[in-house]
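The values are calculated or read from the model by the stated rules, or taken from the named source; none is laboratory data. Keep in mind the model is a prediction, meaning the values are calculated, not measured. Backbone-built Cβ (ideal geometry, glycine too); neighbour counts: all protein chains shown. Protein only, heavy atoms only, side chains kept; ligands, DNA and RNA dropped before computing areas. Shrake-Rupley method; radii C 1.70, N 1.55, O 1.52, S 1.80 Å.
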Amino acid sequence: MIMDVLPYLTAGWIFLVGLYGVVTSSDLIHTVGSLAVTQSSTYVLLLAIGYREGGTAPVYGDTSARTPVVDPVVQAMALTDVVVGATVTALLLALVLQAAKRHGTTDPDQLTGLRG
Amino acid sequence: MSRRVRTWVFLAAAAVLGVAFAAACTGLPDFGGERHPYGDRAAAAALRQQIANAVASVTFDQRGFDTLGEELMLFGAVLGTIVLLRRAPDERRVRPPRVRVLPSTRAYGTVLLPVVLLTAAYLVAHGHLTPGGGFQAGVIAASGVHLAYLAADYRVLERIRPTAALDVTHAAGAAAYAALGFAGFAAAAGTYLRNAAPHGTLRELASGGLVPAFNTAVFAAVGAGVVVLLAHFLDQALEIESAEERSG
């Protein structure tokens, strides 16, 4: 019974752990890392939804077309997710670098004033 | 808001979200179940289109338009990073020092570089037959280039990494993907990004219609994009020096 929902709950748990990291973060690099953790929960959720008992990878390179396979749609979405995650992380880290240069700190609590 | 209050507000919200999410999970189809209406249809469509890798079929054939969006997002993020990490007026460029590398490290890099590049070429060429594709191959090729930094030094990496040409390659890859979409109008009832080329025979190298072409375009965009992205971060760390660093 619990096995029927445990993978979904794991995804929710990873999401909340990542969010906890973002909320309590005292360093912007750590914030970006926590955001990456939060985002990785979506991979777990997507792949858990697509799993089929006894199913193999949805690639018919050397298997018969009648082999049961897991859902290819969510795998393609996870691919999109990974690409988006990596590029957004890069963009955010570039912003952190600028903040560190202009304000001399990466602690979000110290970054209070607006500066032109 | 103080750190303490913020944590408590989060914990309260997390408890509500956690309970609601857990309740919602019990309404989902059981994990590992047999019912996958979208998956079954997507897999059947992949076989109908003679694309052995059903994930590639979904990415480039069935949801090609979404992948165009993904491609443009990648383009935008790389562009944004380049703009953010440009050299500021009060900074200057220094030449990174030459570094001594252990001969074993150098030999390891020299042996591994062709292996990595061959793996990337295989993944992009067989992306429609076996697991892989342009995105994965692009990241692998870009990592391979950086072996030069690990096994030699930054000057060597700069020699084998012409950033100006890679900027153009990145943009050209993204543009080629968008342009390939117009091939979809070749058929009678044509639509944008329709996989219009002949589909060939399942499991043969020449199959899948335009999917190998899409993979190649994405490979160029992602590979060049990742190298350019890392180049700007590495420049910041190794070459660009601020006024304080200079005096300090």
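Over 29 Å from B:H126 (Cα atoms) and facing chain B (nearest Cβ under 8 Å) - does that describe any residue in segment A:48-62? No, there is no match, as no residue in segment A:48-62 is over 29 Å from B:H126 (Cα atoms) and facing chain B (nearest Cβ under 8 Å). Tell me, please, whether a residue that is at pLDDT below 95, more than 9 Å from every other protein chain (Cβ to nearest Cβ), part of a loop (DSSP other than H, G, I, E, B) and open to solvent by less than 50 Å² (accessible area, probe 1.4 Å) can be found in segment A:12-32. Within segment A:12-32, one or more residues are at pLDDT below 95, more than 9 Å from every other protein chain (Cβ to nearest Cβ), part of a loop (DSSP other than H, G, I, E, B) and open to solvent by less than 50 Å² (accessible area, probe 1.4 Å). Taken over segment B:113-131, the criterion of being open to solvent by less than 20 Å² (accessible area, probe 1.4 Å) and part of a loop (DSSP other than H, G, I, E, B) is satisfied by B:G127, B:H128, B:L129.
Among the residues of segment B:154-172, are any out of contact with any helix residue (DSSP H, G or I) (no Cβ under 9 Å at 6 or more places or on another chain), more than 17 Å from B:V218 (Cβ to Cβ) and assigned to a loop (DSSP other than H, G, I, E, B)? Yes, some residue in segment B:154-172 is out of contact with any helix residue (DSSP H, G or I) (no Cβ under 9 Å at 6 or more places or on another chain), more than 17 Å from B:V218 (Cβ to Cβ) and assigned to a loop (DSSP other than H, G, I, E, B). Do we find that B:A197 is outside any helix (DSSP H, G or I) and within 16 Å of B:D61 (Cβ to Cβ) in this structure? Here the answer is yes, as B:A197 does meet what is asked.
For every residue, the table says whether it meets (1) surrounded by fewer than 16 Cβ atoms within 10 Å (Cβ to Cβ); (2) free of Cβ contacts under 8 Å to residues at least 40 places away in the same chain; (3) more than 30 Å from A:L79 (Cβ to Cβ).
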position	(1), (2), (3)
B:E71	no, no, no
B:V78	no, no, no
B:T81	no, no, no
B:R92	yes, no, yes
B:P96	no, no, yes
B:R100	yes, yes, yes
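Across segment A:61-74, a minimum of one residue is classified as in a loop (DSSP other than H, G, I, E, B) and of a type in the set (K, R).
Say we look at segment B:63-106 and pick out the residues that are of a type in the set (D, E) and not in a loop (DSSP other than H, G, I, E, B); which of these is farthest from the other protein chains (Cβ to nearest Cβ)? Taking the candidates together, the pick is B:E71. Which one is farthest from A:D62 (Cα to Cα), of the residues in segment B:47-56 that are more than 7 Å from chain A (Cβ to nearest Cβ) and open to solvent by less than 10 Å² (accessible area, probe 1.4 Å)? By that ranking, first place goes to B:A56. Do you know which residues across segment A:57-109 are within 21 Å of A:T31 (Cβ to Cβ) and hydroxyl-bearing (S, T, Y)? Listed by number, the residues that qualify are A:T87, A:T89, A:T105, A:T106.
When we screen A:P72, A:P68, A:P58 for residues that are out of contact with any Cys (no Cβ under 9 Å at 6 or more places or on another chain) and open to solvent by 30 Å² or more (accessible area, probe 1.4 Å), the only hit is A:P68. Taking the criterion of being at pLDDT below 95 and of a type in the set (A, V, I, L, M), the only residue of segment B:126-138 that qualifies is B:L129.
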